[in-house]
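The next block holds one structure in the form of structure tokens; read it before the comments.
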Amino acid sequence: MDTTAWLVLTAVAVGAAVPMQSAINAQMASLLGHPLYGAVANTGVATLCLLLLILAMRTPAPELRDAASAPWYLWLGGLIGAGFVFGALYVAPRIGAAAFAAATIFGSAIASLAIDHFGLLGFAQRPVSLLRLAGAGCLLLGIVLLRSGRS
């Protein structure tokens, strides 16, 4: 199997873990008494795991002045991650794992179309086409269909 196939399979596995993470984090939030505590537990464990991986791989520390000189928007990645973790553990149990997954994929697709169309954040410019918009429309239809079967 070539590298691209392995990367796609890895992405599928990561995507498959998202609804499990949402459910686990929601249960932790319930146990701790508030969704924000569930999010803190999640990101705390994630930070600890990443620090252990850095130590195990003997990854050299970055230059702090490089981090300090980074454009302000590069720091939004952590904010977006925290928002996703909190949103997932709060929203997914209320609308269902499938509807949540479809809605996040739709949001990702719409944002990606804009990023591609305008060539934002270092991506090559790829204009929006009717076919690409139709693809996003199919994702939206998927959300509607997934939500229509709710009990």
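Restricted to region 105-151, and to residues there that are charged (D, E, K, R) and more than 23 Å from PHE84 (Cα to Cα), the residue that is surrounded by the most Cβ atoms within 10 Å (Cβ to Cβ) is ARG132.
Within region 27-41, can you find the residues that are out of contact with any Leu (no Cβ under 8 Å at 6 or more places or on another chain) and part of a helix (DSSP H, G or I)?
Start the filter on region 27-41 by keeping residues that are out of contact with any Leu (no Cβ under 8 Å at 6 or more places or on another chain), which leaves 27, 30-34, 36-37, 40.
Answer for region 27-41, where residues must be out of contact with any Leu (no Cβ under 8 Å at 6 or more places or on another chain) and part of a helix (DSSP H, G or I): GLN27, SER30, LEU31, LEU32, LEU36, TYR37, VAL40.
With the structure loaded, tell me whether ALA61 is without any contact (Cβ under 8 Å) to a residue 12 or more places away in the chain and either farther than 29 Å from LEU145 by Cα or of a type outside the set (Ser, Thr, Tyr) (or both) or whether it fails that test. Answer is yes for this residue. Taking the numbered list (1) in contact with a Leu (Cβ under 7 Å, 6 or more places away or on another chain); (2) assigned to a helix (DSSP H, G or I) in turn, ILE143 passes all entries but (1).
Residue count for region 42-58 under the criterion of being surrounded by 10 or more Cβ atoms within 10 Å (Cβ to Cβ) and in a loop (DSSP other than H, G, I, E, B): the result is 0.
THR43 fulfils the conditions (1) in contact with a Phe, Trp or Tyr (Cβ under 7 Å, 6 or more places away or on another chain); (2) within 21 Å of ALA11 (Cα to Cα); (3) touching a residue at least 12 places away in the same chain (Cβ under 8 Å) except for a single criterion, (1).
Readers should treat all values here as calculations from the given coordinates under stated rules, not as data from a laboratory. Just so it is clear, the structure is predicted and the values come from calculations on it, not from any experiment. A quick note on method: Cβ atoms are made from the backbone with ideal geometry, for glycine too, and the neighbour counts reach across all protein chains shown.
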